[in-house]
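The values are calculated or read from the model by the stated rules, or taken from the named source; none is laboratory data. Since we're looking at a predicted model, the values are computed, not measured. Every residue, glycine among them, receives a Cβ derived from its backbone with ideal geometry; neighbour counts consider all protein chains shown.
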Amino acid sequence: MQILIIGCGRVGAGLAHDLSQRGHAVYIVDQDPAAFARLRGHTHVQTITGLSFDHDVLRQAGIGHADSLAAVTGSDTTNVVMARLARLVFHVPRVVARLYDPRYTEIYRRLGIQTINPLTWGVQRLAELLCYSNLHTVLSVGSGDVDLLEIELPPLLVGRTVHEMTLPGEMQVTALSRDGRTFLPTLGTVFQEGDRLHLAVLVTSTARLNALLG
């Protein structure tokens, strides 16, 4: 995956290191060239100096081909504006913004922006949000231990039942969308082609969910 990070503070630098170690192509933007000293030794991370709002800077950073973007500067306003710009102008599929003030979390969620709070979310969790591109996180509940996810049913699960996608205490199908309507399935409900699943999943079980989805 190609991932763009806005802001090379402690979180941005740590995230760049984590993602590059996972084998992703990582680009990071900061207006202060001295900030890139935090990346010393991480030669696979591409650094771009400039204002994050500058379209030319963003294009130089490969935003047109980015699979994910993380806005993790020290400013809530900058992070949210960057997230909206990435989604609406450059159509980046997966966008996450760091948000210090939790009062605005619900507002930004309604705008389609996934947010993280630095007090409860770590670099590894943020990296998972950016990398698991087959899962769409609708909402994170509580301190971020449980995610409400929406996924399109993969072909290998057609004909399987809800019971087969249920791991007690780890994940469960909470709703199913089919033919323009959404309903609460039973354990015996059989998945059909074109279904969209709504699941509650423990963050620590995300890897198991990906394995079930193939």
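For the reader, a short list of remarks on this structure follows.
- Residue among 17, 44, 55 that is touching a Ser or Thr at 6+ places or on another chain (Cβ under 9 Å), assigned by TED's automatic domain parsing to the domain that holds residue 116 and on the phi < 0 side of the Ramachandran plot: 44
- Residue check for residue 73: at pLDDT 85 or above, part of a loop (DSSP other than H, G, I, E, B) and polar (S, T, N, Q): yes
- Filter result (under 17 Å from the mean Cα position of the chain (by Cα), closer than 22 Å to residue 80 by Cα and of a type outside the set (Ser, Thr, Tyr)) within region 14-54: 14, 15, 16, 19, 26, 28
- Neighbours by Cβ (under 9 Å, 6+ apart or cross-chain): first from region 30-55, closer than 15 Å to residue 12 by Cα; second among the hydroxyl-bearing types (Ser, Thr, Tyr) and in a loop (DSSP other than H, G, I, E, B): 30/52; 30/73; 31/52; 52/73
- Scan of region 185-212 for residues that are closer than 16 Å to residue 149 by Cα, out of contact with any Leu (no Cβ under 8 Å at 6 or more places or on another chain) and at pLDDT 85 or above, ordered by number: 202
- Test: residue in region 82-101 that is of a type in the set (Asp, Glu) and not in a loop (DSSP other than H, G, I, E, B): no
- When region 91-116 is limited to residues that are surrounded by 13 or more Cβ atoms within 10 Å (Cβ to Cβ), without any contact (Cβ under 8 Å) to a residue 60 or more places away in the chain and basic (Lys, Arg), the one that is farthest from residue 2 (Cα to Cα) turns out to be 109.
- All positions within region 1-29 that are closer than 19 Å to residue 65 by Cα and among the charged types (D, E, K, R): 22
- Pairs are defined by a Cβ separation below 8 Å, a sequence spacing of at least 6 or placement on different chains, a first member in region 1-26 that is modelled with pLDDT under 90 and β-branched (Val, Ile, Thr), and a second member that is in a loop (DSSP other than H, G, I, E, B) and crowded, with 19+ Cβ neighbours inside 10 Å; the pairs so defined are 11/72.
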